[in-house]
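Okay, structure first, notes after.
The values are calculated or read from the model by the stated rules, or taken from the named source; none is laboratory data. Every value quoted in this text rests on a predicted model; they were computed, and no experiment measured them. Reconstructed Cβ throughout: ideal geometry from the backbone, glycine too, with neighbour counts over all protein chains shown.
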Amino acid sequence: MRKIGYTFSLILLITFFSSCLSERAKPALDNTEKIEIRIYEVFGMDCPGCQGGVEKLVNKIPGVLDSKANWKKKQIVVRIWRGQDASDEAIFDAIRRANFTPGKRTK
Amino acid sequence: MKPQEKRKKRFLSFLLISCASVAFSYSSGISVDAGLTPAQDRWIFRTQLRYMSFGSMAKINQKMEMYMVPVVLAYGLKSNLTVLCRQPIMRRDMSMMGASHAENGFGDLFVMGKFKIYRRNTLNYTLGVAATIGIEAPTGSDAFSSKTWDLQPGLYFSWRRGSLGSDVSIAYTWNGFANKGQNGVNPGNELAFDWAISYQFGLGTNSRISMAPVLEVSYRDISSDRLNSRDIENTGESILYISSGFKFTVSSLILEALLQLPAAQNRNRIQIERNATWLFGLRYMF
């Protein structure tokens, strides 16, 4: 039983620390001339765990710097390099592949 | 060997046989989100520590404790298809009339595919329906393997409205669909029904943390084992669990705990009684 307990505790610790590392804040970029901020409605997110799934897919789109989803506000904020080809349709497609439904682009 | 020791050994063998069928079956627990398939390219690592205890019969004072750590890895292959594999690590402690026996080992490997049948996301509610098909291969240690190939189809429904969520799942396990178990015995098939209701509230202003108390009702009906197309006596049972617990989410990490209480048990005379099951788990998505 002790071995199982130790194994389980070790898994718990490793997972917790890797979760903390993945949550490190990205360097702030306040150069608004180079960065465009867009906000899209997202329906179907029901917990904080859902946010990461859609962010991962949106972040893979060429031209996207990063994104931050919010299940409470039902939206995702996407930072895009100006002049890069990150279309609304590509972002809608990423939201659909995360099994959510895109709404309007509000900003 | 002294006659008393021989008697103890015989009792332990008897206990092992009578416990085997009940031990492999367990209620899933924290079954929330089952109908909502994860995002494409999403990995989910999940593990739990389950502690199950089985009661004693007054005459022979038998007792069994079981520890189980199922390790699950799931991947969103497509937005409508998730693949999953589960490998349980197990330990069983048994005691009777002063004699005791312990076993460690691996359970059977389970591989499953989950298909999105229907998903509707609106401003007010979310509804998801998913079907699963799983196969359990007889890869486990002798003490923890049914030694049969088992097929498990299932259907899952999830509904969310605001902070309230409800999940229903129905699964059927066809044990020994491709072969027979040890000594030609076909283990009994199993019908499982789970219903869960949860209320989720965000903690603080940060949308990354939430807490959800969960209430679950689980029913298991296990039919009798069969030998030469005949039911084997003293096998098969049905159990109703009522469980309460919580799910604590910090971003991509979910911690969960659940206490499962057997509210009703219909078992035969040699099977030992199931007591409470404790469950502590974590899920990490990346």
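Somewhere in region B:75-83, is a residue in a strand (DSSP E or B) and either over 23 Å from A:Arg96 (Cα atoms) or more than 13 Å from chain A (Cβ to nearest Cβ) (or both)? There is at least one residue in region B:75-83 that is in a strand (DSSP E or B) and either over 23 Å from A:Arg96 (Cα atoms) or more than 13 Å from chain A (Cβ to nearest Cβ) (or both).
Residues that are of a type in the set (S, T, N, Q), surrounded by fewer than 22 Cβ atoms within 10 Å (Cβ to Cβ) and within 14 Å of chain A (Cβ to nearest Cβ) within region B:234-267 comprise just one, B:Ser251.
Any chance region B:91-100 includes a residue that's more than 9 Å from chain A (Cβ to nearest Cβ), of a type in the set (A, V, I, L, M) and part of a loop (DSSP other than H, G, I, E, B)? Checked region B:91-100: at least one residue is more than 9 Å from chain A (Cβ to nearest Cβ), of a type in the set (A, V, I, L, M) and part of a loop (DSSP other than H, G, I, E, B). Based on what the data block shows, is B:Val168 in contact with a Phe, Trp or Tyr (Cβ under 9 Å, 6 or more places away or on another chain), surrounded by 14 or more Cβ atoms within 10 Å (Cβ to Cβ) and either hydrophobic (A, V, I, L, M, F, W, C) or farther than 30 Å from B:Leu253 by Cα (or both)? Here the answer is yes, as B:Val168 does meet what is asked. Looking only at region B:147-164, count how many residues are surrounded by fewer than 21 Cβ atoms within 10 Å (Cβ to Cβ) and either of a type in the set (Phe, Trp, Tyr) or in contact with a helix residue (DSSP H, G or I) (Cβ under 7 Å, 6 or more places away or on another chain) (or both). Residues flagged as surrounded by fewer than 21 Cβ atoms within 10 Å (Cβ to Cβ) and either of a type in the set (Phe, Trp, Tyr) or in contact with a helix residue (DSSP H, G or I) (Cβ under 7 Å, 6 or more places away or on another chain) (or both) within region B:147-164 amount to 4.
Looking only at region B:170-215, count every residue that is assigned to a strand (DSSP E or B), away from every other protein chain (no Cβ under 11 Å) and small (Gly, Ala, Ser) and tell me the total.
Going residue by residue through region B:170-215, those that are assigned to a strand (DSSP E or B) are B:170-174, B:186, B:190-199, B:201-202, B:209-215.
Remaining after also requiring away from every other protein chain (no Cβ under 11 Å): B:170-174, B:186, B:190-197, B:199, B:213-215.
Still in the running and small (Gly, Ala, Ser): B:171, B:192, B:196.
Summing the residues that are assigned to a strand (DSSP E or B), away from every other protein chain (no Cβ under 11 Å) and small (Gly, Ala, Ser) in region B:170-215 gives 3.
Here B:Asp167 fulfils each of the conditions (1) of a type in the set (Asp, Glu); (2) free of Cβ contacts under 8 Å to residues at least 40 places away in the same chain; (3) within 14 Å of chain A (Cβ to nearest Cβ) apart from (2). Of the listed requirements (1) at the interface with another protein chain (Cβ under 8 Å from one of its Cβ atoms); (2) more than 23 Å from B:Asp41 (Cα to Cα); (3) modelled with pLDDT of 90 or more, A:Gly53 misses just one: (2). One residue is enough: does region A:36-43 have a residue meeting the conditions surrounded by 18 or more Cβ atoms within 10 Å (Cβ to Cβ), more than 30 Å from B:Leu255 (Cα to Cα) and modelled with pLDDT under 95? Checked against the condition, which is being surrounded by 18 or more Cβ atoms within 10 Å (Cβ to Cβ), more than 30 Å from B:Leu255 (Cα to Cα) and modelled with pLDDT under 95, region A:36-43 yields no hits at all. The number of residues in region B:216-233 being part of a loop (DSSP other than H, G, I, E, B) and either surrounded by fewer than 20 Cβ atoms within 10 Å (Cβ to Cβ) or at pLDDT 90 or above (or both) comes to 6.
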